[in-house]
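FYI, it's all coordinate maths here, none of it is from the lab. No experiment lies behind these values; they were computed from the predicted model shown. Note that we place each Cβ from the backbone using ideal geometry, even for glycine, and neighbour counts take in every protein chain shown.
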Amino acid sequence: MSILTDKINALSDIPDAWVEKIMKFQPKLLNEFNRLAAQLTTTSEGFIEMTAGNLTRIETIMSELKAYMTTGEYLEIVTELNQGFLSQEAATIAYFESTFGSAPVTSFASTLYNIGRVNMIETVIGDGLNPILYTSVRDTLLDGIASGSSYSDLIDNLGLISVGNEDIEGRLMRYSRQLVSDTLATTDRQFTEIIGNELGLQWYKYLGGRIKTTRCFCNERNGNYYHRSEIELWGDGVAQFIGQCFDSKYIWQGRFRGTNAETIFSWVGGYNCQHSLLPTSEFDVPKEDIVKAYENGWYKPSKTAKEHFGL
């Protein structure tokens, strides 16, 4: 595959790989929950004993769970996610070098990408799992002990947390699926945009895969070329340029609240969007798009561009 194809496909391939690995990991997490819960004492009738000893055991259980989630298979899954972020950074640099001959990566761009990557990793491992996983496990254990519930009910509740059921995903899957996708896409777009600005690029190609959840806004734009000024008008919510996908309530379905002329380049279509605004050479842009931008006063072509496009 080409460098560009690798870069674009990775925006879906990396999150998809995360989902696949977490799906396979969930039953093992349930087994660990069951092992840890077995430390609680129960009555002969199968109810959890309402004792101070059981309450004290919660801390031991949580310590062992945190150790489990920072070693072994889960650590390997997170390490692969981290490598995915690093590979995407390298792919973006390779795209600019192969297309424009250089990739001026400023210290700001490099640091910003690193912050996005590290924040993502810290969210899905260690204390970052508190709101995603640990708090729910702790509360479930505490509620089971405080109410003297049946041990089987406790195991069922832990099962909902770890693997979910036919109606709801396990918590780790539910809260990390979109987070991984959105963080990777946003971090990559910001990095790409900064390099494009350093090169003075004003034209973009809207690129990405057509997944089942692709919304109207992205479907209408995928594969097309746009001048920066028009993209800024999308961000500002100008209905005329959003077109048939304009929604009077949301501006367009899936749009991040707060999207404007600046953030549109990072957020693009919004939630779970795996498309990119890829900076490109003006000489790769179809003439009809060049003419449209020129007539709207967005595009001021150089003498060479005027001759090339017959303006």
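The Cα-based radius of gyration and maximum Cα-Cα distance (Dmax) for segment 1-52 are 21.4, 65 Å. Placing +1 on the Cβ of every Lys and Arg and -1 on the Cβ of every Asp and Glu, with nothing else charged, gives segment 3-178 a dipole about its Cα centre of roughly 280 debye. The charge dipole of the chain, taken about its Cα centre with unit charges on the Cβ of Lys, Arg, Asp and Glu (plus for the first two, minus for the last two), comes to roughly 660 debye. Rounded to whole Å, the principal axis extents of the Cα atoms in segment 202-309 read 42, 25, 22, largest first.
Fewest to most neighbouring Cβ within 10 Å: what's the order for Phe283, Phe241, Phe96?
Phe283, Phe241, Phe96
Absence of a disulfide-compatible partner, taken as no other cysteine beta carbon within less than 4.7 angstrom, is noted in the chain for Cys218, Cys273. When Rg and Dmax of the Cα atoms in Å is computed from the coordinates, the matching label among (i) 31.3, 96; (ii) 24.7, 90; (iii) 18.9, 64 is (ii).
Taking other Cβ within 10 Å of each residue's Cβ, how do Leu29, Leu142 sort, fewest first?
On the way: Leu29 23, Leu142 13.
The most exposed by this proxy come first: Leu142, Leu29.
In order along segment 173-180, the Karplus-derived 3J(HN,Hα) couplings, from 6.51 cos²θ - 1.76 cosθ + 1.60 at θ = phi - 60°, round to 5, 4, 8, 9, 3, 6, 4, 5 Hz, and Gly and Pro are given as x. Pairs of Cα atoms nearer than 8 Å and 6+ residues apart set the relative contact order; for the chain it is 20 percent. When each of Glu64, Glu307 is scored by the number of other beta-carbon atoms lying within 10 Å, the sequence from fewest to most is Glu307, Glu64. Kindly flag which residue pairs out of Lys7/Lys205; Lys7/Lys300; Lys28/Lys66; Lys205/Lys292 have an alpha-carbon separation exceeding 19 Å in this structure. Those over the limit are Lys7/Lys300. Extension gain for the segment Asp247 to Ser281, taken as residue separation times 0.36 nm less the Cα-Cα distance, is 9.1 nm to one decimal. Each residue of segment 277-293 is assigned a 3J(HN,Hα), and the resulting list reads 9, 8, x, 9, 6, 5, 7, 8, 7, x, 4, 4, 6, 4, 4, 4, 5 Hz, derived from the Karplus form 6.51 cos²θ - 1.76 cosθ + 1.60 (θ = phi - 60°), x at Gly and Pro. The share of alpha-carbon pairs in segment 3-178 lying farther apart than 23 Å comes to 50%. What separates the Cα centres of segment 1-43 and segment 159-217 is a distance of 17 Å.
Note on the chain: helix-only mean residue ellipticity at 222 nm, from DSSP H runs of 4+ residues weighted -39500 (n - 2.57) and normalised by residue number, equals -20000 deg cm²/dmol.
Relative to the longest principal axis of the Cα atoms of the chain, helix 107-123 runs at roughly 30 degrees.
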